[in-house]
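No value in this document is a laboratory result; all are computed from the given coordinates. None of these values were measured; they are calculated from a predicted model. Glycine also receives a Cβ, built like all others from the backbone with ideal geometry; neighbour counts cover every protein chain displayed.
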Ligand SMILES: Cc1cc2nc3c(=O)[nH]c(=O)nc-3n(C[C@H](O)[C@H](O)[C@H](O)COP(=O)(O)OP(=O)(O)OC[C@H]3O[C@@H](n4cnc5c(N)ncnc54)[C@H](O)[C@@H]3O)c2cc1C
């Protein structure tokens, strides 16, 4: 069978779905990628906001940057760098102690490399989803995944009941694919019935996750009293990190934009009160106010932001890695790969590493047909 006749469906356009789709397409496999969100990126996406006076603001509201330690991943990142999709973010990082109200551990320049997508974190996924051989469908959530036993094909059905086609192979990059969390968040049953691939699915059933709230802030003037553009907080029950988005390469500098990240404990506490369903505007406004107040209590900021908005990541970080050795879950008979950061490590590099493993399994499976 030719690779092109081997159709693979990909669920998700986060970095693992996008890398996998592009790797398969480069190997001549015909790929259709489905993403429930309006645009690509998943937890590496970029948020576009408009203020009341019509000013457009962009925020990296998921991963603020990523680092690389594995040579195979570095090789790919260098290719992206040469294509102008990523650049090094050369700011010094530090930590701020709420007890002493002082900065500690201000880094020496160049002590570690951090990469960002340019002009936004989503640029990498966007480019990969547009590569030749990848057909990407955004705003199309997969509601049900069925196995056609006689034909030995996967059949995908949209959340609206639409038939999305049949595929010889399937790769899924969402950790909630079989999890009852889907029902708690959306009210729908999870797309994949655990009975179809029990050995794989069981590992995903109780995968612990850590939530995070972020707040996007825009200031008319630079926060000149803050000596660094990225820092973590020590001894705060509310804040964990702060990043100045407008200090990243190729960003607009017409305003100074910061993204504050909450601690997981703070987010868990809010979720315990409000539930897992989409948070209301009242909740988000309250969170935005609380995180801003904590930031202001550092004494570092004297001006008020002209824009503030919170976002919730219900499962920002997987709190376990379920396939450290194999790097993805793989059912050879049904040609189903499940990959993502939850397989290897809770970061962009872990997601890419897992995507490589899943693409390899499927590529080998095409060659053996
Ligand atoms: C606030 C925050 C801070 C972070 N900080 C860092 C950091 O500093 N450094 C770092 O390396 N990493 C960081 N991360 C983690 C990093 O973003 C993730 O590890 C990585 O982006 C995961 O990629 P993924 O492809 O595995 O998953 P995801 O990006 O979650 O992709 C899964 C995709 O599947 C889609 N999907 C789900 N269900 C369906 C369905 N039924 N049908 C269609 N599509 C579906 C989702 O919409 C999503 O786009 C951070 C994450 C967050 C949220």
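Remarks
- Folded to 0 to 90 degrees: helix 348-367 orientation relative to the chain principal axis, Cα: 10
- A protection proxy built from the mean count of other Cβ atoms within 10 Å ranks the segments 277-283, 24-30, 87-93, most packed first, as 24-30, 87-93, 277-283.
- Just checking the listed ones, 342, 59, 295: in the Gaussian network model of the chain with Cα springs under 10 Å, the one fluctuating most is 295.
- Taking all pairs of distinct alpha-carbon atoms in the range 240-369, Kirkwood radius in angstrom: 18.0
- With contributions of -39500 (n - 2.57) from each DSSP H run of at least four residues, the per-residue ellipticity at 222 nm computed over the chain stands at -8000 deg cm²/dmol.
- Ordering of 45-52, 346-353, 227-234 by packing [mean C-beta count within 10 Å, highest first]: 346-353, 227-234, 45-52
- Kirkwood-type radius of the chain, with distances r between different C-alpha atoms, in Å: 21.5
- Equivalent-ellipsoid semi-axes of the range 51-158, from the Cα gyration tensor, Å, largest first: 38, 21, 17
- Most fluctuating residue given options 301, 142, 322, as computed from a GNM of the chain linking Cα atoms under 10 Å: 301
- Over all pairs of different C-alpha atoms, the range 205-287 has a mean inverse distance whose reciprocal, the Kirkwood radius, equals 14.5 Å.
- Acute angle (nearest 10 degrees) that the helix 281-296 long axis makes with the longest principal axis of the chain, alpha-carbon atoms: 50
- Gaussian network model of the chain, Cα within-10 Å springs - most flexible of 261, 75, 61: 75
- By the count of other C-beta atoms within 10 Å, a proxy for reagent exposure, 193, 174 are ordered fewest to most as 193, 174.
- Order by protection proxy (mean Cβ within 10 Å, highest first), peptides 323-335, 161-173: 161-173, 323-335
- Legend: ranking of residues 274, 225 from fewest to most surrounding C-beta atoms inside 10 Å; resulting order 225, 274.
- With respect to the chain, whose longest principal axis is taken over its alpha-carbon atoms, helix 15-26 is tilted by about 40°.
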